[in-house]
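Student: Sharing a structure below in structure tokens format, with a few things to ask.
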Amino acid sequence: MTNPHIGNTGVNFDDEESNQCFLGGLVIRSISISTSNWRCAETLGDYLAERNIIGIYDVDTRAITRRLRQDGSLVGVLSTEESKTDEELLEMSRSWDIVGVDLISGVSCKEPYEWVDKTNSEWEFNYGGRDGKAFHVVAYDFGIKHNILRRLASHGCKITVVPSTWPASEILKRKPDGVLFSNGPGDPSAVPYAVETVKEILGKVPVFGICMGHQLLGQALGGKTFKMKFGHHGGNHPVRNLRSGHVEISAQNHNYAVDPASLPEGVEVTHVNLNDGSCAGLAYPAQNIMSLQYHPEASPGPRDSDYAFGEFIKLMKKVKVNA
């Protein structure tokens, strides 16, 4: 965390985005000795301890940030093993690389399940209501955030969530109205099985890719992805919608991006990150494909990007009407 003071609001379980915390470790500058927030259910320290997640504080995180800005993403090691020498810890960091590592399989669900929860009425802002017709969406879980599912449910979708390795043939047997390829961690090139699944589904039903799903779509369409110098992380990234000209404030968390120059003719870049000009969204109307590199459900704007779910609904409706 680059913010110097962490933990003063504590943790509340309503904001959790998955069934468990998949965090490997947490590095902060200063931990709050008390919490002060009406939604707080637990302190940060207790939350991590109960889940056996390592954390460290009194670290100069601004110095680390300056180093990362200069050198790009670097690998670090946190350890409680006092028997290990500094050189052994350095060797551990040198021997690990995010490139080519399948991080999806460890965070995906193991069996399909139905999702029914909608956005709590206290937070709902889809005042336009539903389209009147429920669409069946199958969502591939590459590390999916619950709020993506809540937003789809709030737009009137019936949702089936499936594991990352679920065969495309089984999906198509269900005759869904649309397929969502979710967010997830790591390198899209490390999960060729997921790219093949995406290829088998493209053109058969409308699809929506978010974050990792966007990158997998890029590869499935014949494009290339690349590792960024230090990726995009945080809730304050400006993105321009090239169709409307509007600028959205987005939440992002990824280390890879799609190379738009590698995409075939007909694929449209719909959104661009204004910080570095990288591709932040794609569309391929001929095959009813749309995707975003950022998180439309995350609401840092707070409502800037929620329209994307409505666009997915319109895409499924159009295909159903013309069927």
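Any read-out appearing in this document is the output of simple, stated calculations on the displayed coordinates, not a laboratory observation. None of the values given here were measured: they were computed from a predicted structure. Heads up, the Cβs are rebuilt from the backbone with ideal geometry, glycines too, and the neighbour counts pull from every protein chain shown.
Student: Check residue 9: other-chain or 5+ apart residues with amide H under 5 Å from its amide H, H built from backbone geometry?
Tutor: Hits under the 5 Å cutoff: 36.
Student: What residues from the stretch 44-82 fall in the zone where the backbone N is under 16 Å from a label point 7 Å along the Cα-to-C-beta line of residue 30?
Tutor: Residues passing the 16 Å test: 57-63.
Student: Between residue 66 and residue 253, what length in nm is gained on full extension when 0.36 nm per residue of separation is reduced by their alpha carbon distance?
Tutor: On the way: separation 187, 0.36 × 187 = 67.32 nm, distance 1.87 nm.
Difference between extended and current length: 65.4 nm.
Student: How many angstrom lie between the Cα centre of the stretch 22-85 and the Cα centre of the stretch 181-259?
Tutor: 27 Å
Student: Let me understand the stretch 5-95 better: what is its radius of gyration from the alpha carbons, and its Dmax, in angstrom?
Tutor: So, for the stretch 5-95, Rg and Dmax equal 15.4, 45 Å respectively.
Student: Related question: Enter the angle in degrees (range 0 to 90, nearest 10) between the Cα long axis of helix 307-322 and the first principal axis of the Cα atoms of the chain, meaning the one along which they spread out most.
Tutor: Taking the Cα atoms of the chain, the angle to 307-322 is about 30 degrees.
Student: Turning to a different aspect of this structure: Could you check the spin-label model distance between residue 307 and residue 204? Points 7 Å from the Cα along Cα→Cβ, value in nm.
Tutor: Each label point is offset 7 Å from its Cα along the Cβ direction, giving 3.2 nm.
Student: While we're on this one: With both partners inside the chain, how many of the DSSP beta bridges are antiparallel, as a percent to the nearest 5?
Tutor: Numbers: 26 of 49 bridges.
Antiparallel: roughly 55 percent of the beta bridges in the chain.
Student: Anything over 23 Å Cα to Cα? Flag those among 110/318; 158/320; 173/318; 84/227, in the order listed. Walk me through the numbers before you get to the answer.
Tutor: Details: 110/318 33 Å; 158/320 15 Å; 173/318 21 Å; 84/227 31 Å.
Beyond 23 Å between Cα atoms: 110/318; 84/227.
Student: Counting only C-alpha contacts under 8 Å and six or more residues apart, can you give the relative contact order of the chain as a whole percent? List each step's numbers first, then the result.
Tutor: Working: 626 pairs, mean separation 41.2, N = 323.
13 percent.
Student: For volume of the Cα convex hull per residue in Å³, pick the label among (1) 169; (2) 149; (3) 122 that corresponds to the value derived from the coordinates.
Tutor: Label of the calculated value: (2).
Student: Continuing with the same structure: Quick one: which residues, 5+ away or cross-chain, put their amide H under 5 Å from the amide H of residue 225? H built at 1.01 Å from N.
Tutor: 259
Student: I've got another one for you. Give the Rg/Rh ratio for the stretch 219-323, taking Rg as the radius of gyration of the Cα atoms and Rh as the Kirkwood radius, to two decimals.
Tutor: Working: Rg = 14.0 Å, Rh = 14.4 Å.
Over the Cα atoms of the stretch 219-323, Rg/Rh equals 0.97.
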